[in-house]
Amino acid sequence: MEKHITTQCESAFYHLRNIGKIKKYLTEPVLAQLIHMSVTSRLDYRNSLLYGSSASHTRKFQMVKNAAARLLTGHRKSDHITPILRDLHWLPVDKRIIFKVLLLTYKCIHGLAPQYLCSLIDLYRPSRPLRSGQTMQLARPTTRSRFGDMAFTTAAPKIWNALPLDIKTACSVNSFKCKVKSYLFCSHFNC
């Protein structure tokens, strides 16, 4: 996994340097689209596999995302990054990973994901009528190791069960994405 992360970060920094060379010839929307197409979309690729991994793994991806934000906004490296990310409405990498796991979980619950993933998720069904039976909770299997906690079958219910009910009951994928992103954004930036 370390090799994959290093390769992805090197590739992203390479693209950022090249984009920086031609930045003065681009309009801001084109620059944003180019950064998204060649950098941030690569960071999102398979990043849900990093859920539960060490902070050193996600820190490398966060450094790339910070560099992309600075390039897009024209801020210096010495400028504080939190206001820049807040203005761009970009989630930090660790929250983006949680977003991707939640989106996949939503799709599994509603039958929009591949069957092999849907079979990994079970709704919690209490043996007798309880109020918790109406909250769209997922059954959470027990594990004996840290790697078991990182698995989708364990991580998805843990994250999903912590969501407010109004987000879980979103009527469409787009509505769910908006609500989850706002929820994660506000929880990180204290808004």
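The values are calculated or read from the model by the stated rules, or taken from the named source; none is laboratory data. In this text the structure is predicted, and so the values were computed from the model without any measurement. All Cβ positions, even for glycine, are placed from backbone atoms using ideal geometry, and neighbour counts span all protein chains on display. Accessible surface is based on the protein model in full, side chains and every heavy atom, while ligands, DNA and RNA are left aside. Shrake-Rupley method; radii C 1.70, N 1.55, O 1.52, S 1.80 Å.
Some observations on this one:
- Residue check for D166: modelled with pLDDT under 95 and open to solvent by 80 Å² or more (accessible area, probe 1.4 Å): yes
- Within the stretch 52-65, residues that are over 10 Å from E2 (Cβ atoms) have Cβ atoms under 6 Å from residues that are open to solvent by 40 Å² or more (accessible area, probe 1.4 Å) in these pairs: G52/D149; G52/M150; T58/D94, counting only partners at least 6 apart in sequence or on another chain.
Yes or no, residue by residue, for (1) within 16 Å of H4 (Cβ to Cβ); (2) of a type in the set (V, I, T):
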residue	(1), (2)
L49	yes, no
A67	no, no
G74	no, no
I81	no, yes
L91	no, no
I97	yes, yes
H110	no, no
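- Candidates S182, S78, filtered to the one that is open to solvent by 70 Å² or more (accessible area, probe 1.4 Å) and either without any contact (Cβ under 8 Å) to a residue 12 or more places away in the chain or outside any helix (DSSP H, G or I) (or both): S78
- Meets criteria (aliphatic (A, V, I, L, M), closer than 21 Å to S56 by Cβ, at pLDDT below 95 and out of contact with any Leu (no Cβ under 6 Å at 6 or more places or on another chain)) for I81: yes
- Among the candidates T153, T142, T105, the residue that is assigned to a helix (DSSP H, G or I) and modelled with pLDDT under 90 is uniquely T153.
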